[in-house]
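The values are calculated or read from the model by the stated rules, or taken from the named source; none is laboratory data. These numbers come from a predicted model, not from an experiment. All Cβ positions, even for glycine, are placed from backbone atoms using ideal geometry, and neighbour counts span all protein chains on display. All accessible areas refer to the heavy atoms of the entire protein, side chains included, with ligands and DNA or RNA removed. Shrake-Rupley method; radii C 1.70, N 1.55, O 1.52, S 1.80 Å.
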Amino acid sequence: METILLVEDESELARVILRELKAEGYHVEHAADGIAALDIHAGSNPDLVVLDWMLPGLDGLEVLRRIRRTSATPVLMLTARGEEMDRVIGLEVGA
């Protein structure tokens, strides 16, 4: 079973995403902040990370930078930021 790490601080949104991913048969781990995300990622080596950009503590871009130092895990950015430059930055960092 593939494992997905969901990194989302908004509890209601996280609940909905968790429910839908689990319904599709994925094992899902959840972190509500960047530090917890890095800890979980290091311990479970997920198959995919779904990462919010705007997080308390470390933001999503910093989490992604740190993940990229040691891992090629695929990362999807989950964000309300829609500017083209935001997309470019996310892709350049490794999403």
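With bins 10 Å wide beginning at 0, the percent of Cα pairs of segment 1-87 falling in each bin runs 18, 54, 26, 2. Across the protein chains, with a 1.4 Å probe defining accessible surface, the residues Asp47, Asp52, Asp33 rank Asp47, Asp33, Asp52 from largest area downward. Database remark: amide H of Met77 closer than 5 angstrom to the amide H of Leu51 (H placed geometrically; neighbours at sequence offset of 5 or more, or on other chains; Pro and chain starts carry no H).
Coupling constants for segment 7-12 follow from the phi torsions by the Karplus curve (6.51 cos²θ - 1.76 cosθ + 1.60, θ = phi - 60°), and in residue order they are 10, 8, 8, 7, 4, 5 Hz; glycine and proline get x.
Here the label points at Glu20 and Thr3, each 7 Å from Cα along the C-beta direction, are separated by 2.4 nm in the simple model.
Here the label points at Thr73 and Asp39, each 7 Å from Cα along the C-beta direction, are separated by 1.4 nm in the simple model.
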